[in-house]
1. Select from the stretch 345-365 the residues that are surrounded by fewer than 22 Cβ atoms within 10 Å (Cβ to Cβ) and either within 16 Å of ligand 1 (Cβ to nearest atom) or within 16 Å of residue 52 (Cα to Cα) (or both) and list them in ascending order.
2. Go through the stretch 267-385 and tell me which helices (runs of 4 or more DSSP H), entirely inside it, have 2 or more residues that are farther than 25 Å from residue 183 by Cβ and either more than 16 Å from ligand 3 (Cβ to nearest atom) or touching a strand residue (DSSP E or B) at 6+ places or on another chain (Cβ under 8 Å) (or both).
3. If you go through the stretch 52-60 one residue at a time, do you hit one that is within 16 Å of ligand 2 (Cβ to nearest atom) and touching a helix residue (DSSP H, G or I) at 6+ places or on another chain (Cβ under 6 Å)?
4. Show the residue pairs that are 6+ apart or on different chains and have beta-carbon atoms under 6 Å apart, the first residue being within the stretch 396-408 and outside any helix (DSSP H, G or I), the second being surrounded by 10 or more Cβ atoms within 10 Å (Cβ to Cβ).
5. Are any of the residues in the stretch 232-246 more than 16 Å from ligand 3 (Cβ to nearest atom) and surrounded by 15 or more Cβ atoms within 10 Å (Cβ to Cβ)?
6. Please state which one of 29, 19, 54 is over 21 Å from residue 348 (Cα atoms) and not in a helix (DSSP H, G or I).
7. Quick check: is even one residue across the stretch 251-274 closer than 22 Å to residue 336 by Cα, more than 16 Å from ligand 1 (Cβ to nearest atom) and surrounded by fewer than 21 Cβ atoms within 10 Å (Cβ to Cβ)?
8. Taking interchain pairs and intrachain pairs at least six residues apart, which have beta carbon atoms under 7 angstrom, with the first residue in the stretch 176-201 and closer than 20 Å to residue 146 by Cβ and the second away from ligand 1 (no atom under 16 Å from the Cβ) and assigned to a strand (DSSP E or B)?
Ligand code: XLS
Ligand code: NI
Ligand code: NI
């Protein structure tokens, strides 16, 4: 059965095409940095939004009915969604997907029963992946949807819930390994608090660290080679999430000596919720050698919640991809579309149009970032800090100065020369880079 009979394989038609079902800027085979755009960008489809998303929001019931909603049993439905995933990714030309354990299979009465159902779906998924060439970018566990996680999972006040979450993550790492995943993600779900009046913050943070240590140990024990990733988010569903942003989570990992085991999965919309730009979060991770993967989406600054829209803002994609080029790429991570079509996007084929928009926007952003680098943008920054390349600056950088030396050096100097920051000029270079990349 075809789930998307109205859509054929999406082809690259170039910038002059007006066909909504064609790529304008993403040519998968185009060479880029000794590889191709396909292998550099490593796009991934998020199972939860694309195959479970039903347009529901806080104010309204489900708005989309999908072909798999007519399945006879919940297991049939799960298997149909696997087929839909394979068909969707083949037509879109995307090689990767990501999932939570509970996205792909329904729960049973006990964890044992749930695991048995999950195994059935994983077997089928594995076979379909093998035959189609579809690969797993990362797996994760849903530790936030079920009511048992009302107080959090690893930070719950209930030791039973902590144990349940541990067993669930154990299984999720096992199936991620079984499906050859390149990574495993920990997004904080309900790990945080809504009021300190009822919260033992110290115990919760210590427990979170204990949980992550056991997870890393277990991954080693079973020989899981994928990258473990923390996905920061400052709020939602709790008022304060512990993995607030990359800086906060880095400090947390270092305090507990866990920093060698984890990198970051940076999500655009989470960055903006934290009051940061996407490129700020990427930069912070990159300079700490902890940039692992990306959840590609965008928020709406007027709404101010995690709207998870498909990314189309070229300034965001360009500045983000600049960090990725400087990072030497994103592999073994990728660009996962943790994004959902709007409740008003009622046509099932809007799923394709949305992914095409996101893929084109990141491909163009990548090319624009390259133009930006070619325009001498980096040279400007180098020049701005050049006082640290010689004289007293060099001594400071080399650690060969003290407050006494610095006082002696500066005490009788009459003037200091400052370079211009030239923000306006640099913004014109950014505009130019986007326009040049788009015109090619
Ligand atoms: C929610 C998160 C979530 C993670 C995976 O805001 O983005 O979807 O990516 O658990
Ligand atoms: Ni995400
Ligand atoms: Ni999110």
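The values are calculated or read from the model by the stated rules, or taken from the named source; none is laboratory data. Since we're looking at a predicted model, the values are computed, not measured. Here the Cβ positions follow ideal geometry from the backbone for every residue, glycine too, while neighbour counts run over all protein chains shown.
1. Hits for the stretch 345-365 are 345, 346, 347, 348, 349, 350, 352.
2. 314-326, 350-374, 377-384
3. Scanning the stretch 52-60, I find at least one residue that is within 16 Å of ligand 2 (Cβ to nearest atom) and touching a helix residue (DSSP H, G or I) at 6+ places or on another chain (Cβ under 6 Å), so the answer is yes.
4. That search, which allows pairs on different chains as well, returns 401/395.
5. No - not one qualifying residue is present in the stretch 232-246.
6. 29
7. There is at least one residue in the stretch 251-274 that is closer than 22 Å to residue 336 by Cα, more than 16 Å from ligand 1 (Cβ to nearest atom) and surrounded by fewer than 21 Cβ atoms within 10 Å (Cβ to Cβ).
8. Cβ pairs passing all conditions: none.
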